[in-house]
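Below is one structure, written out as structure tokens; the observations come after it.
The values are calculated or read from the model by the stated rules, or taken from the named source; none is laboratory data. These figures come from a predicted structure and were not determined experimentally. Backbone-built Cβ (ideal geometry, glycine too); neighbour counts: all protein chains shown.
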Amino acid sequence: MLQSKLPNVGTTIFTRMSQLAAQTGALNLSQGFPDFASPPALLAAAVQHLGAGDNQYAPMTGLPRLREQVAVKIAGLYGRSVCAEAEVTILPGATEGIFCAVQALIRPGDEAIVFDPCYDSYEPSVELAGGRCVHVPLTLPSFAIDWQRLNDAITPRTRLIFINSPHNPSGALLSRADLDQLAALIRDRDIYLISDEVYEHLVFDGAQHASVLAHAELYARAFVVSSFGKTYHVTGWKTGYVVAPPVLTAELRKIHQYVAFCAVTPLQHALADFMQQHPEHISELPAFYQAKRDLFCDQLAGSRFSFTRAPGTYFQLADYSAIRPDLDDVAMAEWLTREHGVAAIPVSVFYQQAPVEMRLVRFCFAKREETLLAAGERLCAI
């Protein structure tokens, strides 16, 4: 009988809640994808390149012109000059980038530190490489790093620390001071970083994203992961990239070439065109999504949910303690979907062991105005 390498892994909560939303006709504010159109110029570019015959394998590392556009963006936003040839790799999705980075770093017996709540792909990637995850809870309600707990969690076996800012599911942000403190903590240790920055452009209220790309000491030991899908409203294109120093990039590519080899060619061409012709898209994203956050939160203000507006991402956490404290968050998410027609994600699924008293669900506000208004009306009626 086949013995599973991931015996504790089943169908993800994101798939389950989206399926339940479809079955019940609920508004799907669970899985993180937009329900509005992608930029017309980007779609037109994809059609153009499909028709032009750009449909064969791209270079394993990604189209040079797209890697150059990524390098231009990084220089403009973070002041770092990266070599498009040696430091930027285009992959079919940020999740594959995370997987390949983990495989490059983790050996049997190694430990990787993750901060709970954390994205669900981290731990399986570590386990498949023969390592184990050490879970360090973020402090509530701010979802900030507890530096003493992090220090206590580090052992001689610690090889990797995952950080994620803007943070999924909470929207919390790491500051430059946080990055400085992390650098001081691991300065004399053989520890690497995976910095999950897929929501790098979704930062609100005038705040600035503190990227590892702008921190020379941390970047020297980091894989920085980002997503075209999140930035350009095309999550189904499953196209992302990883930026890392040349030595680390070389190891990542050794894995990547045997996992997927390359990302989809015409989509890479379309993204390169759009990035070159519409650089304003990135600068407009914070206001675009902040307006959606505020619309949803203004609606939610009339409900019995309590919340603090998310500083980043396109997710909003809401506490339902005043509504159904008798339900755990998984049951609450199912109840909301079946009985009130709004699908959400329970926050406990992002934890190894969630606080017993926690009553939080996550809503995605990357939706059309009419979707958010309808969801707000239903949630206020509870």
Scanning the range 56-72 residue by residue, those small (Gly, Ala, Ser) and either in contact with a Gly (Cβ under 6 Å, 6 or more places away or on another chain) or in contact (Cβ under 8 Å) with a residue 40 or more places away in the chain (or both) turn out to be 58, 62
Restricted to the range 105-136 and to residues being touching a residue at least 40 places away in the same chain (Cβ under 8 Å) and touching a Lys or Arg at 6+ places or on another chain (Cβ under 7 Å), the residue nearest to residue 172 (Cα to Cα) is 112
### Message
With the structure loaded, tell me whether residue 289 is in contact with a Pro (Cβ under 9 Å, 6 or more places away or on another chain) and within 17 Å of residue 205 (Cα to Cα) or whether it fails that test.
### Response
no
Being surrounded by 14 or more Cβ atoms within 10 Å (Cβ to Cβ) and not small (Gly, Ala, Ser) narrows 23, 48, 56 down to just 48
Exception for residue 75 within (1) of a type in the set (A, V, I, L, M, F, W, C); (2) surrounded by fewer than 22 Cβ atoms within 10 Å (Cβ to Cβ); (3) touching a residue at least 60 places away in the same chain (Cβ under 8 Å) falls at (3)
Only one of (1) surrounded by fewer than 19 Cβ atoms within 10 Å (Cβ to Cβ); (2) small (Gly, Ala, Ser); (3) modelled with pLDDT of 95 or more does not apply to residue 366, and that is (1)
Counting only residues that are touching a Leu at 6+ places or on another chain (Cβ under 7 Å) and touching a residue at least 40 places away in the same chain (Cβ under 8 Å), the range 145-166 contains a total of 6
With criteria (1) outside the structural domain of residue 163 (by TED's automatic domain parsing); (2) under 25 Å from residue 59 (Cβ atoms), residue 288 comes up short on (2)
Residues of the range 338-362 being outside any loop (DSSP other than H, G, I, E, B), more than 15 Å from residue 169 (Cβ to Cβ) and touching a Lys or Arg at 6+ places or on another chain (Cβ under 9 Å), in sequence order, are 340, 342
Counted residues in the range 1-54 being outside any helix (DSSP H, G or I), touching a residue at least 12 places away in the same chain (Cβ under 8 Å) and among the β-branched types (Val, Ile, Thr) come to 2
Of the conditions (1) among the hydrophobic types (A, V, I, L, M, F, W, C); (2) surrounded by 14 or more Cβ atoms within 10 Å (Cβ to Cβ); (3) without any contact (Cβ under 8 Å) to a residue 12 or more places away in the chain; (4) assigned to a loop (DSSP other than H, G, I, E, B), the single one that residue 335 does not satisfy is (4)
Given (1) farther than 19 Å from residue 172 by Cα; (2) modelled with pLDDT of 95 or more; (3) not assigned by TED's automatic domain parsing to the domain that holds residue 49, residue 302 misses just (2)
Here, helices (runs of 4 or more DSSP H) confined to the range 134-247 with at least 3 residues that are surrounded by fewer than 19 Cβ atoms within 10 Å (Cβ to Cβ) are 147-153, 176-186
Given (1) assigned to a helix (DSSP H, G or I); (2) under 29 Å from residue 283 (Cβ atoms), residue 80 misses just (1)
